[in-house]
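All remarks here apply to the structure that follows.
The values are calculated or read from the model by the stated rules, or taken from the named source; none is laboratory data. Quick caveat: nothing in here was measured; it's all calculated off a predicted structure. Cβ placement follows ideal geometry from the backbone for every residue including glycine, while neighbour counts extend to all protein chains displayed.
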Amino acid sequence: MILNKVDLVGPEYTKALRGWIDGLLNRVRIVETEYCDVPLEILLAVGRLDPGVVDDLSTADNPHAEGTGFVTWHYTSTEQLSLDDLREVIRTLPAAVYRCKGFVYAAEDPNERFVIQTVGRRSTVASLGAWGERARRTDLVLIGATGSLDTDELKRRLDQCRIG
């Protein structure tokens, strides 16, 4: 079991949470992490993973896969976006959008590459440093409930964040 964002709650709460989980799921392995930074050996259970399972898992985020209950939508722009306007769009996303993440080409500092991470109503924007040789563009992926994303409206609202 992955116990993420332990940096946000502190050691006392983490210890209490581990005890609660152990009471529900006796002898389960718990990996504490920040930003979902989990070694691949743990995620892939090296030595115990059937290679055929990887092929099945690779189709899990296919927006056209039936029965998954989720759909993904990709937004991209080569124009700079206003971070303030983008934050407002993210703050007012419909509840059907579960996750939004990606890179932002921001008008406030066009030489810096920003990353946005949104889960539910919680969102962070952070600088990742200079773009370097990377193409300067905004690339966002939104994940929501199947059939619930109004992609035309999402595109319209994100396009309104463009500068230029």
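Could you pull out the residue among Glu108, Glu88 that is over 18 Å from His74 (Cα atoms) and in contact with a helix residue (DSSP H, G or I) (Cβ under 8 Å, 6 or more places away or on another chain)? Before the answer, list the steps.
Numbers: Glu88 fails: in contact with a helix residue (DSSP H, G or I) (Cβ under 8 Å, 6 or more places away or on another chain).
Going through Glu108, Glu88 in turn, the sole match is Glu108.
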Which residues, counting only those in segment 95-111, are under 17 Å from Ile143 (Cβ atoms) and either surrounded by fewer than 13 Cβ atoms within 10 Å (Cβ to Cβ) or hydroxyl-bearing (Ser, Thr, Tyr) (or both)?
Ala95, Tyr98
Just wondering, is there one or more residues in segment 7-27 that are at pLDDT 75 or above, more than 29 Å from Asp139 (Cβ to Cβ) and basic (Lys, Arg)?
yes
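Out of everything in segment 72-87 that is touching a Ser or Thr at 6+ places or on another chain (Cβ under 9 Å) and modelled with pLDDT of 95 or more, what residue ends up being surrounded by the fewest Cβ atoms within 10 Å (Cβ to Cβ)? Don't jump to the end; show me each part of the working.
Just the residues of segment 72-87 that are touching a Ser or Thr at 6+ places or on another chain (Cβ under 9 Å), to begin with: 73, 75-81, 86-87.
Filter once more, keeping what is modelled with pLDDT of 95 or more: 75-81, 86.
Details: Tyr75: 17, Thr76: 13, Ser77: 17, Thr78: 11, Glu79: 14, Gln80: 20, Leu81: 25, Leu86: 25.
The qualifying residue surrounded by the fewest Cβ atoms within 10 Å (Cβ to Cβ) is Thr78.
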Just the residues that are under 20 Å from Asp109 (Cβ atoms) and surrounded by 14 or more Cβ atoms within 10 Å (Cβ to Cβ), please, taken from segment 135-163.
Arg136, Arg137, Thr138, Asp139, Leu140, Leu158, Cys161, Arg162
